[in-house]
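The values are calculated or read from the model by the stated rules, or taken from the named source; none is laboratory data. Source: prediction; values computed, not measured. Cβ placement follows ideal geometry from the backbone for every residue including glycine, while neighbour counts extend to all protein chains displayed. These area figures cover heavy atoms from the full protein model, side chains too; ligands, DNA and RNA do not enter into them. Shrake-Rupley method; radii C 1.70, N 1.55, O 1.52, S 1.80 Å.
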Amino acid sequence: MNLQIYEKQADVAKAMAHPVRVATLEFVKDGEQCVCDIAEAVGTERSNLSKHLSVMVNAGVLASRKEGLKAFSRIKTPCVMKFSDCL
């Protein structure tokens, strides 16, 4: 039994376990989005959203990049949407 795989899977599940994070995944499922647009769509402040994005990036669920002063996020692990759809 490879415990590291189970730990990584648990980290991903924990990273998705918040309504703002679920809403964020739903918003970016069709492609990369600006953090400013994500914040507006999910109804939260950018500072709050940044904390949630950081959790998902650290777990490998999302990827982020900066372009000038704007930050963009996209799904890095597309299979998480299958899990999300199941819920």
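Across the options M81, I5, S54, the greatest Cα extent toward the positive end of the charge dipole of the chain (unit charges at beta carbon of Lys, Arg, Asp, Glu) belongs to I5. Note on K14 and A41: the model spin-label points, each 7 Å out from Cα along the C-beta direction, lie 2.7 nm apart.
Simple spin-label estimate for K51 and V22 gives 2.0 nm between the two label positions (7 Å along the Cα-to-Cβ direction from each Cα).
Leaving ligands, DNA and RNA out of it, report the carbon-plus-sulfur percent of the accessible area of the chain at a 1.4 Å probe.
Numbers: 3110 of 5770 Å².
Of the solvent-accessible surface of the chain, carbon and sulfur hold 54 percent.
The spread of Cα positions in the stretch 13-82, taken along each principal axis and listed from longest to shortest, comes to 31, 21, 20 Å.
Compute the signed sum of charges (Lys and Arg +1, Asp and Glu -1) over the other residues within less than 15 Å, Cβ to Cβ, of L69.
Value of the local net charge: +2.
Okay, helix-only estimate at 222 nm for the chain: each DSSP H run of n ≥ 4 adds -39500 (n - 2.57), divide by all residues, round to 500 deg cm²/dmol; what do you get? So the calculated ellipticity at 222 nm is -17500 deg cm²/dmol. Relative to the Cα centre, the charge distribution of the stretch 1-68, modelled as +1 at Lys and Arg Cβ and -1 at Asp and Glu Cβ, gives a dipole magnitude of about 220 debye.
Per residue, how many Å² of accessible area does the chain show with a 1.4 Å probe? Numbers along the way, then the final one.
Details: 5770 Å² over 87 residues.
Per-residue accessible area for the chain comes out at 66 Å².
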